[in-house]
Amino acid sequence: MEQIVNLHIEHLPEGVYLATSDDIPGLVAQGRTFAETLEIARDVARRLMEAQAERQNPVHLKKAGDSFDYPLVVSG
């Protein structure tokens, strides 16, 4: 089942991207590119959710349905 996790992504002065989430406490991911950061964040989210489920304290997120909003970042 796919679920939606809202991420906060910052481009740090060091040139890397940092992703955190209020939806999944403890989610922190850092990458050299935006795409790499998303990939790492997805893996970290999956592992944190699995750990929470094993502890009988699952993370409750919105299910990804047939449609959802996605912010598209375009440079100009």
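Things worth noting here:
- Net dipole in debye of the chain [+1 Lys, Arg Cβ; -1 Asp, Glu Cβ; about Cα centre; nearest 20]: 140
- Dimensions (Å) - the range 3-57, Cα atoms, principal axes, largest first: 39, 18, 17
- Sorting 51-58, 63-70, 5-12, 20-27 by average packing, meaning the other beta carbons within 10 Å per residue, from highest down gives 20-27, 5-12, 51-58, 63-70.
- Taking every C-alpha pair closer than 8 Å and separated by at least 6 residues, the mean separation divided by the residue count of the chain gives a relative contact order of 26 percent.
- Seen against the Cα atoms of the chain and their longest principal axis, helix 34-54 is set at about 20 degrees.
Readers should treat all values here as calculations from the given coordinates under stated rules, not as data from a laboratory. Note that the coordinates shown come from a computational prediction; the quantities given were computed from them, not determined experimentally. Here the Cβ is made from the backbone with ideal geometry for all residues, glycine too, and neighbour counts use every protein chain on show.
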